[in-house]
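Data first, discussion second: the structure below is written as structure tokens.
The values are calculated or read from the model by the stated rules, or taken from the named source; none is laboratory data. Nothing here was measured: the structure is a model prediction, and the numbers come from that model. Glycine gets a Cβ as well: all are built from the backbone with ideal geometry, and neighbour counts include every protein chain shown. In case anyone asks, the SASA skips ligands and DNA or RNA and just uses the protein heavy atoms, side chains included. Shrake-Rupley method; radii C 1.70, N 1.55, O 1.52, S 1.80 Å.
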Amino acid sequence: TFLGNHDMGRLAMMLRSSGVSAGDTLTRLKLANSLMYLTRGQPVVYYGDEQGFAGSGGDKAARQDMFATQAESYKTQEVIGGASGSKERYNTSSPLYRQIARLAKLRARHQALADGAQVHRYSSSEAGIFAVSRIDKASKREYLVVTNNAGSAKSATFSTYSPNARFVELLGAGGDVRADRFGRV
């Protein structure tokens, strides 16, 4: 599962060319990374995406140098969450690098996020909440992955397999959630 590559270009470029602002692009890239790491599939990060490379298209226009580039076309390309220009791009403190590292560690610590069964829980036909459960069969533990792609707070009620359970927040800012006696959150 990937968000971009050297043939199709980078997701950042696709967002920017559709008119999304640089700040919103960073937010949307983080949402896309979260979905790639926390839902079904094997995440693949195309080199430079963790540094915020945007590129200007597919094929050769998405093959920026990680070292200080000599290619004129790459020197002026936008970097999401960082400064553009010709310099080394091995920054372990860039916002996307830190986020991807955190997601990879979370996925490694909680095996169900890597290979647990995925159950669709909720989605909206408009911008809003998308929720799935990831199930750890061995421990009979359910993980909820809940995202919001709207520009404002949204709420939803949906069922889980875990009546009267407390879901402890592992990532995000939503706080712990408790299911009711029917398993609804």
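Observations, loosely collected:
- When the residues of the stretch 144-165 are filtered to those that are closer than 25 Å to A32 by Cβ and among the β-branched types (V, I, T), the one that is most open to solvent (accessible area, probe 1.4 Å) is V146.
- Scanning the stretch 1-13 for residues that are surrounded by fewer than 19 Cβ atoms within 10 Å (Cβ to Cβ) and outside any loop (DSSP other than H, G, I, E, B), we see that the one that is nearest to the chain's Cα centre (by Cα) is F2.
- Every residue from the stretch 30-56 that is open to solvent by 30 Å² or more (accessible area, probe 1.4 Å) and either in contact (Cβ under 8 Å) with a residue 60 or more places away in the chain or among the polar types (S, T, N, Q) (or both): K30, L31, L35, R40, Q42, S56
- Residue check for R141: at pLDDT 95 or above and open to solvent by 60 Å² or more (accessible area, probe 1.4 Å): yes
- In the stretch 137-160, the residues that are among the aliphatic types (A, V, I, L, M) and either in contact with a helix residue (DSSP H, G or I) (Cβ under 8 Å, 6 or more places away or on another chain) or outside any strand (DSSP E or B) (or both): A138, V145, A150, A153, A156
- Restricted to helices (runs of 4 or more DSSP H) entirely inside the stretch 57-120, those with at least 2 residues that are crowded, with 18+ Cβ neighbours inside 10 Å are 95-109, 112-115.
- Just one of (1) surrounded by 18 or more Cβ atoms within 10 Å (Cβ to Cβ); (2) free of Cβ contacts under 8 Å to residues at least 40 places away in the same chain; (3) not in a loop (DSSP other than H, G, I, E, B) fails for T27. It is (1).
- Test: residue in the stretch 166-182 that is within 21 Å of Q111 (Cα to Cα), at pLDDT below 95, loosely packed, with under 12 Cβ neighbours inside 10 Å and in contact with a Lys or Arg (Cβ under 9 Å, 6 or more places away or on another chain): yes
- Some residue of the stretch 128-136 being assigned to a strand (DSSP E or B), touching a residue at least 12 places away in the same chain (Cβ under 8 Å) and open to solvent by 60 Å² or more (accessible area, probe 1.4 Å): yes
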